[in-house]
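Take a look at the structure below.
The values are calculated or read from the model by the stated rules, or taken from the named source; none is laboratory data. Here the structure is a predicted model, which means the values were calculated and not measured. So basically every Cβ, Gly included, is an ideal-geometry build from the backbone, and we count neighbours across all protein chains shown. When the accessible area is computed, the model is the full protein with side chains, heavy atoms only, and any ligands, DNA or RNA have been set aside. Shrake-Rupley method; radii C 1.70, N 1.55, O 1.52, S 1.80 Å.
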Amino acid sequence: MSGTNRRDPGLNGRSFTAAQSFLLSSKLYWTRKMFPALREKYNGLAAKESTPPESAADVARLIANTPDYQVYAWLERHLQRFKYSGRYGLQAYHDDMREDLLASLDQADLPDGMLTLDPDLEMPRYYKAVDIHQHPGGVWSDEIAGFVYERGARSTTPTMGTRHADLHDRLVMAVDEALESDPTDIFDMACGFGKSTGPFIERYRDAKITGMDLSAPCVKLAAKTAAEAQANNIRYMQGNAFESGFADESFDLVTSTMYLHEMPPPQIEKTIEESARLLRPGGYMAHLDFFRLPDAFTRFIHYGHGRRNNEPFMEPLAEMDLAGLLERNGFKDIRIEPFAEDDGVLDEGYRPWRFPWTLITGVKAA
């Protein structure tokens with residue numbers, strides 16, 4: 001982008017990159033040094049208890065008022081805030097390129113049928129209620145939100161660095177290992193700007209793939225990216241994925257990435273119901289999200305992250321009986337297992353902070 005219309009001459013590619021690099025380095029220190037130190041602090045306090053802490057509330061009683069935790073929590077909240085907001089934040093940087101970014105969307109050469117928008121689509125109240133991820137205005141309200149979200153996603157998992165795309169590649173590999181044959185019709189729920197859909201496009205070139213998201217700015221960017229890659233097996237649609245409008249048994253693979261935790265439990269239930277309705281008998285469902293929390297300390301940290309990062313439905317999801325929900329909706333061979341987003345992260349001695357990635361899968365009974 002040319003950046004010819006910048007309102008702030010001090011905000012340019014060099015200053016923006018320097019500021020964001022500083023924030024990422026700070027986040028890596030927070031991840032690799034502060035989190036293990038906080039856990040050691042907690043372990044020392046817990047060892048003095050006559051009864052081992054069993055709940056997040058028990059952990060909070062021990063550590064929430066310590067300087068260690070308060071500094072840790074403050075940094076988590078404000079490193080994310082500075083990433084998006086402020087003079088060198090993602091929003092300001094892309095806002096100064098607004099005209100160029102919008103022109104690139106308008107000028108995208110999209111094949112017929114690749115993009116379908118719904119200007120009358122009503123955004124759910126829960127979706128509008130918070131600026132999720134501290135993304136100003138959410139990922140739907142600004143025409144350039146897709147670009148801002150795409151740039152922000154590059155450092156969602158900081159320890160992976162430039163290998164962040166491996167998360168989605170690994171999901172496709174896990175799905176591929178579970179399937180007996182290649183799917184012919186795939187539905188990627190809440191596809192965002194298309195990063196989760198891309199590896200499916202590449203792996204299953206003979207399949208018809210549909211990505212759906214509430215955010216028009218996101219699906220516009222997804223379609224632009226797919227067109228530039230000359231993909232011919234994908235269509236992107238603006239819509240509510242758990243009220244997709246597709247006919248029963250339209251797909252043999254339904255998937256999502258980081259979708260369930262962004263909805264209240266009633267909508268999570270609708271998503272599982274819709275997954276079952278859309279799948280053909282024997283079809284496969286795979287939702288990659290944050291769920292498995294093995295101990296009270298990780299629950300306390302995860303629930304706090306949800307509050308600090310404007311993701312209020314992380315905790316309710318973690319408290320749900322997902323296995324029972326899947327069973328009630330006719331799924332068999334249900335597996336809810338930790339998912340390795342990178343090599344070694346599930347090893348017993350792994351110390352840095354990480355999301356509790358979990359792969360939730362099932363087969364629709366015949």
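Table for the structure above
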| quantity | calculated |
| --- | --- |
| Pair-distance profile P(r), taking every C-alpha pair of the range 88-132, with 5 angstrom steps and integer % | 5, 14, 13, 15, 21, 24, 8, 0 |
| For the range 169-238 versus the range 289-331, the gap between their alpha-carbon centres in whole angstrom | 25 |
| Restricting the range 1-89 to GluC sites (Glu not before Pro) in coil, as DSSP defines it, with at most 13 other Cβ within 10 Å | 49, 54 |
| Kirkwood Rh (inverse of mean 1/r, distinct Cα pairs), the chain, angstrom | 21.7 |
| Partners for residue 208 among lysines (Cα-Cα distance below 20 Å; same-chain residues under 8 apart left out) | 195, 220, 224, 364 |
| Rounded accessible area of residue 302 (nearest 10 Å², 1.4 Å probe) | 10 |
| Filtered trypsin sites (Lys or Arg not before Pro), the range 32-73: DSSP coil and at most 10 other beta carbons within 10 Å | 48 |
| Positive-end residue of 115, 74, 50, charge dipole of the range 50-132 with Cβ unit charges | 50 |
| Stokes-Einstein D in µm²/s, Kirkwood radius over Cα pairs - the range 265-366 at 25 °C with 0.890 mPa s viscosity | 167 |
| Value of Rg to Rh for the range 159-250 (Rh from inverse mean 1/r over Cα pairs, i.e. Kirkwood) | 0.96 |
| Surface share of carbon and sulfur [accessible, 1.4 angstrom probe, percent] for the range 118-230 | 45 |
| Residue order for 150, 99, 180 - accessible surface, 1.4 angstrom probe, largest first | 180, 99, 150 |
| Gain upon complete extension [residue 12, residue 230; 0.36 nm per residue less C-alpha separation] | 75.4 nm |
| Size of the range 1-122 as Cα extents on the principal axes (Å, biggest first) | 66, 39, 22 |
| Per principal axis, descending, Cα span of the range 299-358 in whole Å | 38, 28, 15 |
| Interchain or long-range residues, amide H under 5 Å from residue 286's placed H | 254, 255, 256 |
| Descending principal axes extents, the range 172-331, alpha-carbon based, whole Å | 46, 34, 29 |
| Fraction of alpha-carbon pairs over 15 Å apart in the range 250-298 - percent | 52 |
| Where the range 46-109 is the region considered: accessible area per residue in Å², 1.4 Å probe | 55 |
